[in-house]
Amino acid sequence: MLDLLALALAAVHFGVPLAYYLYATRVWLRRPWEVRVDEGYRPRVTVVLPTYNEAKIIRERLDNIYSQDYPRELLELIVVDSSTDGTAEIVKEWASEHRDLKLVLVREPRRRGKAVALNEALGIATGDVVVVADADALWPPDALRRAVAWLADPRVGAVSCLKRPAAPGPAGVEEGYRRYYNALRVAESRAFSTPVFHGELAAFRRELLERIGGFPADVGADDSHAATRVALMGYRAVIPEGLWVVEAVPRRGYSRWRVRRAQHLAQHFAKALKAVRRAPRGYRAVLLAESFLHLANPLLLAASAALLIASALLERSPVALSALALGAALLGLGGYRAWVVQQAYLLAGMLRNLWSREIVWSKQAKW
Ligand code: GDD
Ligand code: MN
């Protein structure tokens, strides 16, 4: 009996995301964008770079932003720093070598998390568009121009990027996970909006950020949550095709990193779910599906595995034994393994949220 119940739970666990993926890629991904993208749109842009101990990468990142093919006179860069490793000194030195770019350095007396840092920048930003730019990412030279082009349409409130890992991660796990998620991000964006944004490049209309009261400081995934609030107001929050950004993957502490991000996504969806009734048409389904995938679905897998083990031990069920053997054997397949590992991170993240929300998180070594 336990074995059949376990198989039913497993069928839901794997069936729902598979069905969602098929529907999203077959139906939504084929929909027209219904957005007027204007590559010639040139608003004033404020790039916000929050930094906590980025001395190793900050110079390269500043150069990377500097070499964007966006008119420099329309650009303003605000670095909000709470480092103890000399990042600020490097920023100052770099600024003195690049006086043709307006750069404002804000030194925080105390580290209070990324969202608080972003809000400090928002308070002094003058651009019509505010773009969050994590230090650990690198943009292609046309990234800013291409992202901004989507905001030419007044119906679009926020734009983010797709992420390509700089390294494949342990046994290619990071890469496998990204393939599935990137396709969903674009499909959801075409349907209306995606509830998952990336701080490596996240552009917002400043006016909308101000209307939602800035970046949420109580949710770790501040970028995703801000984008969701924008979408709940009826504006599109999208990730277009082909806007790729390269993100550094930690060399040590990979699991810690993934668990923390899972924690933040769980916080984000738990809060977003409360507002699902207000979601515009086309967005409600996305929000419900993603909330299910992030909050409920990992629990189904854990319950199924626990029941299978119980059934194998207590009932000596051949069905349970075969299912466990199959589940273990499939771990040899990259995509399946990446999936199961992500479920484990989501579970660990939800559990860990019970005692620490990791709003001010420990830093993983990426260089
Ligand atoms: N000023 C300031 N203060 N900056 C901070 C702080 C802080 O307390 N904490 C982190 N940062 C900066 C980092 O220096 C980096 O530029 C950026 O915020 C992202 O932090 P990382 O430590 O590199 O985290 P990540 O790459 O795993 O971040 C991803 O997940 C986060 C949620 O867990 C990104 O998608 C982030 O945008 C997202 O918020
Ligand atoms: Mn990152």
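The values are calculated or read from the model by the stated rules, or taken from the named source; none is laboratory data. All values reported here derive from a predicted model rather than from experimental measurement. Using ideal geometry, Cβ is built from the backbone for each residue, glycine included, and neighbour counts are taken over all protein chains shown. Heads up: the accessible areas ignore ligands, DNA and RNA and are worked out on the full protein's heavy atoms, side chains in. Shrake-Rupley method; radii C 1.70, N 1.55, O 1.52, S 1.80 Å.
Out of all the residues in segment 313-353, which are more than 18 Å from Arg258 (Cβ to Cβ) and within 30 Å of the chain's Cα centre (by Cα)? Outline the logic, then answer.
Here is the first cut: in segment 313-353, the residues more than 18 Å from Arg258 (Cβ to Cβ) are 313-330, 332-333.
Scanning segment 313-353 gives Gly327, Ala328, Leu330, Gly332, Leu333.
Restricting attention to segment 141-164, which residues are within 16 Å of ligand 2 (Cβ to nearest atom) and either basic (Lys, Arg) or surrounded by fewer than 18 Cβ atoms within 10 Å (Cβ to Cβ) (or both)?
Narrowing segment 141-164 to residues within 16 Å of ligand 2 (Cβ to nearest atom): 143, 160-164.
Selection gives Lys163, Arg164.
For segment 257-283, which positions are of a type in the set (Lys, Arg) and loosely packed, with under 15 Cβ neighbours inside 10 Å? Full working, then the answer.
Let us first name the residues in segment 257-283 that are of a type in the set (Lys, Arg), namely 258, 260-261, 271, 274, 277-278, 281.
The answer is Lys274, Arg277, Arg278, Arg281.
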Residues located in segment 198-248, provided they are free of Cβ contacts under 8 Å to residues at least 60 places away in the same chain, more than 16 Å from ligand 2 (Cβ to nearest atom) and open to solvent by less than 10 Å² (accessible area, probe 1.4 Å): Leu208, His225, Thr228
Unique residue being assigned to a helix (DSSP H, G or I) and under 23 Å from Leu29 (Cβ atoms) when the list is Val245, Val230: Val230
Breaking point among (1) surrounded by fewer than 24 Cβ atoms within 10 Å (Cβ to Cβ); (2) among the small types (Gly, Ala, Ser); (3) within 14 Å of ligand 1 (Cβ to nearest atom); (4) outside any loop (DSSP other than H, G, I, E, B), for Ala167: (4)
Count of residues meeting criterion [within 14 Å of ligand 1 (Cβ to nearest atom) and either part of a helix (DSSP H, G or I) or modelled with pLDDT of 95 or more (or both)] in segment 137-163: 7
Elements of type strands (runs of 3 or more DSSP E) in segment 33-115, at least 2 residues being touching a residue at least 60 places away in the same chain (Cβ under 8 Å) and in the same structural domain as Pro250 (by TED's automatic domain parsing): 45-51
Residue, farthest from Glu207 (Cα to Cα), within segment 38-87, restricted to residues that are of a type in the set (Gly, Ala, Ser) and in contact with a Ser or Thr (Cβ under 8 Å, 6 or more places away or on another chain): Ala55
Any chance Trp355 is surrounded by 17 or more Cβ atoms within 10 Å (Cβ to Cβ) and part of a loop (DSSP other than H, G, I, E, B): no
Residue identified as closer than 29 Å to Gly242 by Cβ and among the aliphatic types (A, V, I, L, M) among Leu122, Leu105: Leu122
Segment 132-171, residues that are of a type in the set (D, E, K, R) and in contact with a Leu (Cβ under 6 Å, 6 or more places away or on another chain): Arg146
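Among the residues of segment 104-129, count how many are of a type outside the set (Ser, Thr, Tyr) and open to solvent by 40 Å² or more (accessible area, probe 1.4 Å). Outline the logic, then answer.
In the first step, residues of segment 104-129 are kept if they are of a type outside the set (Ser, Thr, Tyr); the result is 104-125, 127-129.
Cutting the leftovers down to open to solvent by 40 Å² or more (accessible area, probe 1.4 Å) gives us 104-105, 107, 109-112, 119-120, 123-124, 128.
Residues meeting the conditions: 12.
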